[in-house]
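All of the numbers you see were taken from the coordinates with simple rules; none came from a lab. None of the values given here were measured: they were computed from a predicted structure. So basically every Cβ, Gly included, is an ideal-geometry build from the backbone, and we count neighbours across all protein chains shown.
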Amino acid sequence: MNEQVIQSLISDLALILMLGAVATVLFKKLKQPVVLGYIVAGFIASPHFALFPSVASGENIEFWAQIGIIVLLFSLGLEFSFKKLVNVGVSAVISAGLIVMGMLGLGFFVGKLLGYGLVDSLFLGGMLSMSSTTIILKALTDLNMRQRRFVPMIFAVLIVEDLFAVVLMVVLSSVAVNNTVAGGQMLESVLKLSFFLIIWFVVGIFMIPSVFKRYRRLITDEMMLIISMGLCFLMAIFSVNSGFSLALGAFVMGSILAGTVEARRIERIVSPIKDLFGAVFFISVGMMVDPTVIVEHAGTIALLAAVVVVGMILFGTVGMLATGQPLKSAVESGFALTQIGEFSFIIASMGTSLGVLKSSTYPIIVAVSVITTFTTPFFIKSAEGAYNGLVRILPKRMLNALGGYSKTANNGELPEAREIWKNVTQRYFLRLVLYSSVVIGIYWVCADYLWPAIDKGINVCWDNILWAAITLVLVLPFLFAIMMPPIRSSERERLIELEGRVSYVPVVIMELVSGILAVTFIILLLRKVFYGWASVLASLIAIIVATFLFTPALRKHLARLERRFIGNVNVRENHRTGHGNTLVSDMHLAYMVVGHGCPFAGDTLQRAELRRKYGVNVVNIERSGTLYPVPNGDMRIFPGDTLGIIGTEEQIEKLLPLVEAETKSAQAYSGEARFVHYALTHDSDLIGRTLSEARLREDYSTLLVALQRKDADGSDHYLPPTPEMMFLEGDILWLVGDPATIKPLL
């Protein structure tokens with residue numbers, strides 16, 4: 001790369017970042033989403049805006065934008081984990097599936113009406129089917145509606161939509177490459193994706209949390225940044241080599257890291273990189289905005305914006321109703337989803353790079369996103385009026401039916417016996433999928449790498465026997481795991497207590513399916529050595545020999561592997577609750593993050609009296625990356641601190657919700673809240689006023705945690721806030737709130 005190219009690259013980056021900085025400040029002041037500011041900055045930096053210098057090379061921006069997509073998807077993955085997917089439940093999956101499939105079909109139909117081709121219409125449907133997490137979060141925060149009943153379900157649906165979007169990108173890229181919609185090829189792509197996702201997650205969850213746990217104290221923030229970004233780009237490259245996209249690999253690695261105890265730390269240190277390259281990506285989106293195209297396709301843009309709004313309201317409401325949500329929550333959810341955002345841009349960028357979309361599609365989608373972003377707050381606020389209108393219009397019988405369905409669907413408690421069978425079935429299918437994927441993965445690696453090496457290095461007639469033997473030894477433990485009894489002895493005994501007997505029909509069916517699957521795997525493996533019925537006989541002999549010779553050792557080894565895997569899956573939750581971190585007897589060590597609503601936030605450990613009130617001991621406090629071991633009674637507890645607490649399981653369960661409690665003011669400012677401190681100068685309006693007179697909480701959504709004041713001897717003391725406390729010059733206030741709101745007070 002010569003000096004001129006380097007200079008061009010740097011000058012283009014400097015131009016777009018400076019424009020982005022100015023635009024974001026302006027849009028922040030106008031109380032509009034920052035994403036729109038980036039798009040405007042990109043438009044100003046593009047050749048379509050002649051009044052301002054444009055970038056020298058579009059290839060430079062494309063390079064930075066691709067990195068931006070990788071980092072954005074990695075950051076989205078950090079907010080998503082399979083543990084979180086399990087927690088949001090089947091309802092979110094069903095709702096998100098109905099919304100995505102409905103909008104995909106509607107978008108495809110509209111695309112055909114507009115004269116688009118088959119592939120273009122599919123891409124259009126994909127772009128119109130994804131709501132924007134960023135825009136919804138911003139709108140709900142600005143409207144102070146984060147505490148509303150429908151919001152948790154909205155976020156759960158958005159989590160699942162992110163996963164669907166990644167799958168959709170793989171399917172659409174396959175369609176684009178083949179330029180046709182072949183059911184067999186699409187099914188093959190989805191199965192291939194599913195297989196690789198399982199393998200990546202099994203290997204990643206098995207290895208990465210264990211490494212982090214072992215070397216945690218040696219890894220500084222700088223090292224963690226290098227490790228996490230290195231893993232991100234490594235998985236992105238591995239994904240490409242496996243036939244998928246860079247973005248998919250980045251998302252997968254983010255999701256793997258999201259399940260580790262270091263997830264919060266990684267999010268914090270990666271955040272500046274995400275902000276930088278995310279800004280570059282959205283600015284590159286704005287550079288695609290062509291006013292000529294927008295004017296020429298104004299009718300299409302208006303139509304697509306209407307399709308997004310109407311379609312999201314319709315399918316969002318129906319999707320929520322289908323999973324048992326009350327009518328009011330369903331309507332509010334549907335009205336909140338009325339926009340498209342970052343994934344639409346990514347899908348449009350992918351379609352453009354693959355050469356299957358018209359050049360005009362990108363600016364059209366950007367224009368639709370801008371329009372729906374501006375209208376989102378309006379529709380969120382109008383949801384309650386729409387609900388009231390529906391209540392007046394709909395027949396009373398229908399309203400009663402919807403209410404009854406909602407109560408029935410949400411009353412999900414099962415009898416204990418059914419709950420046991422549900423757990424057995426879930427564990428069986430999970431084990432079947434995981435171990436089968438591992439077996440297929442081992443076979444694939446041995447066939448592609450081990451076989452050529454043996455064939456080339458050992459040129460004898462029995463090289464195929466050697467390959468089969470090595471592969472069989474590698475897969476046998478996992479085949480044995482597939483055939484392990486699906487029901488545990490403790491579960492069998494409990495079922496006998498509850499029902500007097502155990503129905504062995506489902507158990508026999510499960511064991512039969514497992515046995516057939518294991519035999520099939522071995523037959524496929526031994527085809528290189530034996531033929532016909534000989535391979536079947538050889539596979540049965542191999543299973544019988546392995547069962548009799550290695551059963552005790554394999555059972556012990558597999559149980560240890562499963563415990564380690566399950567422990568790694570739950571490592572973040574166990575770190576928080578102390579489960580699996582037993583010290584002696586029933587004493588556990590848990591790490592809790594202090595919330596802004598914690599009743600003893602701002603108090604010293606001595607005043608909090610955690611040992612007397614809750615029976616627990618604080619063994620360390622971590623604050624801003626600094627660890628304070630065995631703190632004394634004078635040390636204060638502040639929001640954001642991580643407390644290392646020793647106690648019994650019951651004591652920790654009782655204390656945890658108190659420590660992690662949030663205040664309404666902190667939730668309302670969740671996008672802006674900071675823990676800050678300010679010194680009062682002589683010209684501050686607060687001097688001479690009491691805390692009750694200042695009305696910090698009521699009028700400014702600001703929480704005073706503690707007041708630091710010097711004594712006559714110059715030593716500092718922290719005073720707990722009281723209504724009659726008077727502010728003096730030189731006081732240092734420790735506050736939680738929006739710095740922009742706090743600063744004018746001081």
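Values computed for the structure shown
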item: Value of Rg to Rh for segment 587-633 (Rh from inverse mean 1/r over Cα pairs, i.e. Kirkwood); result: 0.93
item: Exposure proxy ranking, count of Cβ atoms within 10 Å, fewest first, for T338, T471, T520; result: T520, T471, T338
item: Three semi-axes of the equivalent ellipsoid, segment 316-391, Cα gyration tensor, whole Å, largest first; result: 32, 14, 8
item: 15 Å beta-carbon shell around A176, net charge (K/R +1, D/E -1); result: 0
item: Of K31/K710; K31/K274; K213/K654; K28/K381, those spanning more than 31 Å from alpha-carbon to alpha-carbon; result: K31/K710
item: Nearest-0.05 FRET efficiency for N617 and F238, computed from C-beta distance (R0 51 Å); result: 0.70
item: Rg to Rh, two decimals, where segment 63-384 supplies the alpha carbon set and Rh follows Kirkwood; result: 0.96
item: Overall dimensions of segment 580-662 by Cα: Rg and Dmax, Å; result: 11.7, 33
item: Net lengthening on full extension, T690/K654 (0.36 nm per residue, minus Cα-Cα); result: 9.5 nm
item: Burial ordering of Y628, Y591, fewest other beta-carbon atoms within 10 Å first; result: Y628, Y591
item: FRET efficiency estimate (nearest 0.05) - Cβ-Cβ, R214 to W444, R0 22 angstrom; result: 0.15
